[in-house]
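Structure first, commentary second.
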Amino acid sequence: MDEQLFFRKLNSLCTSKEIFYFLSSLEVMSDTMASGALQKISEIEVDDNGLKNPRLLENEVFRALCFQFEFESSRLSNTGLLNALQALIKLRIDPQSTLMTSLLSESEERLGRGQLTAENLCALGESLLELEGPSCATLEQIVNHMQERDIKRWSPREIVMVYKILQVTVKEGKQCQNLLNRLNSVTLHKVLQLSPNFTSVILNSLVVLRQTWAVPLVTALCKHSVKHVPYFTDHELVNVLEAFLYFGQKVQIFTEALERHVPKSIHTMHPQTVSKVMQYCCKKTNLSKPIFDAVAEGFISSADRLTTDQIAAYIIPFGTLNYLPPSASSLFRKLETVLHTRLKHFQPHTLLNLLHSCVLIQRYPINFLPKIFSPYFLQKLQAQPPGLNRVVMSQLTQLFLTVTLECPFYEGPKLLSKYQVKAFPTPQSSPDVHLFKRVKTGLLHLLKKRIYFASEVSTPYFYIVDIEIKLDEEGFVLPAAQLEEVHRRIALCVDGQNRFCAHSHNLLGEEAIKQRHLQLLGYEVVQIPFFEIESLQNTRNIADYLHKKIFPCTYG
């Protein structure tokens, strides 16, 4: 039978039984046709859990095919030999069997004689990676042969295969940066030809190989990945998201593509993929309401099937980015139920991060705080990395301050003073230098003297106030250093872009809780957000704006 006709017929068949019947009707076929049949059988009969029907290997037609490949390996074409090898590995044929030994031996002999094309080398590399893993010595030999070929003529598949091999050989301590530089350069011009799988594999390899200087290639791949978002498998999407995080890429249209994809796929996506999507949004401070709303719904329906790490990964970003979805009441009811049944399964630091994120958005884990403040739990926190470092102690302190200020009915154990910090160290705590300078200049113009306001003032309650203004009983401004006759304290929160979610006027959770607590502690909180002040042209305009914000009763 003509090969084209054979493969057209083969590709129309849907079961191995149909394939065996078709093959038994043929009197003769080439090794390429036979290996193609084995590949088709492996595609049908193998899934993520392995071989669906082990009895398949006892079929007479299958055994006859294997017999021919075993005893005529030296007569096979390169394509027939290597395609058969790939298919049999996928079908979980014993690597120690005479069949596999014969095919591997013949493949390695041809490699040594330099008889394999670039495509053949890729096929052999894939087989050896699958069969023997990264420690296979032959992989380095394949890379050496590939280096001798004209890299500019490689197909996307060949490029991807070399990245995969380099990824594992470099892990083993081999250095191939010269080849990588050539490969990165050539790949840049072929990005538009890459499939979703190839895009994901290359991005993953660039992360593993730490190619931080390959910025043009990384940027092109990240932009190219946008159109593939609906077509990535879960594993591929995780690789792409990890690359975005590792290389610090910010591509707004990628987030928009996720916003279209995640809500439609939330109930079929693997929880680890959803966790990675939430980590991506959290790290990029990207409050995507369509994604967060969908994840909340997904959590409500599937929380019982999640691991403790996945539960934390789903929930923590809501607190970090200060967002309550429409289904918030159901979401936190479900979380409380899960915590009641599985509390002892959480790692100490995971549990602390989770509960701390809840108080940022005024969801108070009262029933679980006695455990958090217990000496036994604190010892467990100290025993596990990162231990009781400053960030961990800040979380504990903020939890304690929250129940003190917002939950006066809490009567459980208190946090011992030795576990409390005197100030909260958060990346957002320092004000934007340029904005801060403009506000101080405007205040000086308004109040006439620098003595009437203080900047970056430490309070007895762990928070640092950006700017503090003191007033007496009649509303007159007092010198900042004066301690007597202070009737009111005004806390100016100079909120730069670093205190908001990206492309948003939504305060981050850490800043929202700070302003809430300052109010409860008796301060009059006045927010000075960057987006209100950035358009003001001069000091007089800023002073006028501050007058209206701080002293509205006397304005005008």
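The values are calculated or read from the model by the stated rules, or taken from the named source; none is laboratory data. Keep in mind it's a predicted model, so treat the numbers as computed, not measured. Neighbour counts run over all protein chains shown; Cβ positions are idealised from the backbone, glycine included. These accessible areas exclude ligands, DNA and RNA; they are computed on the full protein's heavy atoms, side chains included. Shrake-Rupley method; radii C 1.70, N 1.55, O 1.52, S 1.80 Å.
Assorted remarks:
- Nearest-ten-degree value, helix 78-90 long axis tilted from longest Cα axis of the chain: 60
- Taking 17 Å as the straight-line reach from the Cα of K227, the lysines in range (excluding those fewer than 8 positions away in the same chain) are K190, K250, K264.
- Here the accessible area is traced with a 1.4 Å probe on the protein chains. For the chain, carbon and sulfur cover 51 percent of it.
- Spread of Cα-to-Cα distances over 5 Å intervals beginning at zero, given as percent, for the stretch 131-247: 2, 12, 24, 24, 21, 12, 5, 0
- Once the Cβ-Cβ distance of K227 and T337 is raised to the sixth power relative to R0 = 51 Å, the FRET efficiency obtained is 0.80.
- For a paramagnetic label modelled on N389 (point 7 Å from Cα along Cα→Cβ), amide N atoms under 19 Å away belong, within the stretch 426-465, to 426-430.
- For L478, the residues 5 or more places off, or on other chains, whose built amide H falls under 5 Å of its own are K470, L471, D472.
- Computed from the C-beta positions of T98 and A137 and an R0 of 30 Å, the FRET efficiency is 0.85 to the nearest 0.05.
- Cα centroid separation - the stretch 92-108 against the stretch 369-412, whole Å: 59
- Pairwise centroid distance, computed over Cα atoms, of the stretch 42-64 with the stretch 292-335, Å: 41
- Phi angles across the stretch 95-111 convert, under the Karplus curve 6.51 cos²θ - 1.76 cosθ + 1.60 with θ = phi - 60°, into 3J(HN,Hα) values of x, 8, 5, 5, 4, 5, 4, 4, 5, 5, 4, 5, 4, 6, 5, 5, 4 Hz, Gly and Pro given as x.
- Report summary: the helix-based calculation at 222 nm, which adds -39500 (n - 2.57) for every DSSP H run with n ≥ 4 and divides by the residues of the chain, gives -18000 deg cm²/dmol.
- Vicinal HN-Hα couplings computed from phi for the stretch 225-232 (Karplus, 6.51 cos²θ - 1.76 cosθ + 1.60; Hz; Gly/Pro x): 5, 4, 6, 8, 3, x, 10, 5
- Accessible area, probe 1.4 Å, largest first, for residues Y231, Y523: Y231, Y523
- Cβ-defined net charge surrounding T15, 15 Å radius [Lys, Arg +1; Asp, Glu -1]: +1
- Accessible area per residue for the stretch 202-273 is 47 Å², calculated with a 1.4 Å probe on protein heavy atoms, without ligands, DNA or RNA.
- Structure-derived Cα extents along the principal axes in Å: which label, when the choices are (i) 107, 52, 40; (ii) 155, 51, 38; (iii) 79, 49, 44: (i)
- Degrees, to the nearest 10: 328-342 long Cα axis against longest axis of the chain: 70
- Between I464 and F424, the built amide H atoms are under 5 Å apart, and every one of these is 5 or more places off in sequence or on another chain.
- Under 5 Å from the amide H of C493 lie the amide H atoms of V526, Q527, I528, each residue being 5 or more positions distant or on a separate chain, with H modelled from the backbone and absent for Pro and chain starts.
- Calculated FRET efficiency, R260 to Q379, Cβ-Cβ distance, R0 = 56 Å: about 0.75 to the nearest 0.05.
- With every protein chain in place and a 1.4 angstrom probe, the accessible-area ranking of W154, W213, largest first, reads W213, W154.
- Chain lengthening between E119 and Q347 when straightened (0.36 nm per residue, less Cα-Cα): 77.3 nm
- Nearest 10 degrees, 0 to 90: helix 118-132 Cα axis against the chain principal axis: 70
- Label sites at E534 and S301, each approximated as a point 7 angstrom past Cα along Cα to Cβ, lie 3.8 nm apart.
- Take every Cα pair under 8 Å whose residues are at least 6 apart in sequence, average their separation, divide by the length of the stretch 1-115, and the relative contact order is 28 percent.
- Using 0.36 nm per residue and subtracting the Cα-Cα separation, the extra length available between K422 and Q482 on full extension is 19.4 nm.
- Exposure of D94 as accessible area (Å², to 10), given a probe of 1.4 Å and all protein chains: 80
- Extended-chain gain in nm, criterion 0.36 nm per residue less alpha-carbon gap, S155 and K190: 11.7 nm
- Applying a threshold of 30 Å to the alpha-carbon distances of K284/K418; K223/K334; K449/K514; K52/K283 flags K284/K418; K223/K334; K52/K283 as lying beyond it.
- Within the stretch 353-380, backbone nitrogen closer than 15 Å to the virtual label 7 Å beyond the Cα of L520 toward Cβ: 356-367, 369
- In the complete set of protein chains, residue-level accessible area for D432 is approximately 60 Å², probe 1.4 angstrom.
- Diagonalising the gyration tensor over the Cα atoms of the stretch 433-550 and scaling each eigenvalue by 5 before taking the square root yields semi-axes of 22, 19, 11 Å, largest first.
- Modelled spin-label separation between I253 and L444, with each label point placed 7 Å from Cα along the Cα-to-Cβ direction: 4.6 nm.
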